[in-house]
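These notes are about the structure you will find just below.
FYI, it's all coordinate maths here, none of it is from the lab. For clarity, every value in this text was computed on a predicted model and none was experimentally measured. Cβ atoms come from the backbone with ideal geometry, glycine included; neighbour counts cover every protein chain shown.
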Amino acid sequence: MRFPIIIALSVLLALAGCDKSNDAGKDHDTAPSGKTPTTPDATRPDTAKPTPAPDELQSHPQTLEKKPAGCDGKECPTVSIEWVVFDGQDALNKAIRQQLIRQLANDGDSGKPAPTTLEATAKDFLDTATGLPDGAAGDWQLTGKAERLARHGDLLTVAVSSYEFTGGAHGIPATHWLNWDLAQHTKVPLSGVIVPGKEAAFWDQARRAHGEWLKDEAEADDDFRQAWPFQKSADFRLGDDGLVLLYGVYTLGPYVMGEPQLTVPWSDLNDIVKDQYRPQ
């Protein structure tokens with residue numbers, strides 16, 4: 001009677017062994033229901049690296065340094081230009097170069113055809129300098145710079161500055177703010193951010209800001225106010241405190257005051273600046 005019991009136990013053990021054998025042979029890397037197998041974290045391809053946000057602007061600087069051929073000493077006229085280049089923004093980059101050329105070439109005031117490249121602009125300046133008697137233009141300088149200044153939503157502001165020294169007590173600086181709509185790929189003038197029909201109201205508020213500036217910055221008396229009256233400016237940017245206007249030297253004050261800025265507070269611009277340009 002022991003043999004049937006032994007045989008039955010043997011059969012049960014054999015069946016259990018088959019089950020374990022079948023489990024061991026299964027492909028545990030195969031996901032159920034035809035899903036893609038899951039790769040362990042240690043061997044998963046590195047897809048978790050941070051990627052730039054869709055609206056993040058990538059850029060890199062470019063420079064141009066020039067002086068006359070054969071001039072190796074300190075007394076050499078020089079040209080130094082540095083500008084930012086935005087990846088994938090061809091129209092914006094072209095607008096930046098054009099603004100730099102206009103400023104560095106004095107807006108074509110030389111009487112010669114305006115240059116069309118930064119290299120030609122540098123050459124024109126150095127040709128003029130080397131055409132003077134020996135040493136007369138040894139300290140001449142022409143510098144330019146274009147850099148990212150601010151961004152509010154799709155509106156990017158690039159500051160384009162220049163400085164030219166050709167002798168005298170001091171050189172002439174100039175700065176202009178280029179505002180660019182990244183969505184529309186076009187330049188935005190001041191009139192583009194003001195509600196149509198509200199231009200007069202805007203300049204009324206700008207005059208008020210000028211009055212505050214006179215109190216804080218200029219220590220202005222009646223003579224100063226008559227000599228340096230309020231003027232309009234086409235240069236602007238959007239700031240945290242309001243819309244900022246930029247002025248060149250000799251516009252709102254003497255050279256020593258540099259390039260003044262007036263801030264028109266947002267609280268004074270209700271229904272004057274378009275909603276899309278106002279702080280949210």
Open item on the list: For region 210-280 and region 102-170, what is the centre-to-centre distance using only Cα atoms, to the nearest Å?
Closed with: 26
Open item on the list: Quick check: residue separation of GLN62 and HIS170 times 0.36 nm, minus the Cα distance between them. What number comes out in nm?
Closed with: 36.2 nm
Task: Order by protection proxy (mean Cβ within 10 Å, highest first), peptides 260-269, 114-123 - done: 260-269, 114-123
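In the neighborhood of GLU82, defined by Cβ-to-Cβ distances under 15 Å, what is the net charge if each Lys or Arg adds +1 and each Asp or Glu adds -1?
Details: positive: LYS66, ARG97, LYS145, ARG148; negative: GLU65, GLU119, GLU147.
With Lys, Arg at +1 and Asp, Glu at -1, the net is +1.
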- [ ] Report the net charge of residues surrounding PRO61, where surrounding means a beta-carbon distance below 14 angstrom and charges are Lys +1, Arg +1, Asp -1, Glu -1.
- [x] -1
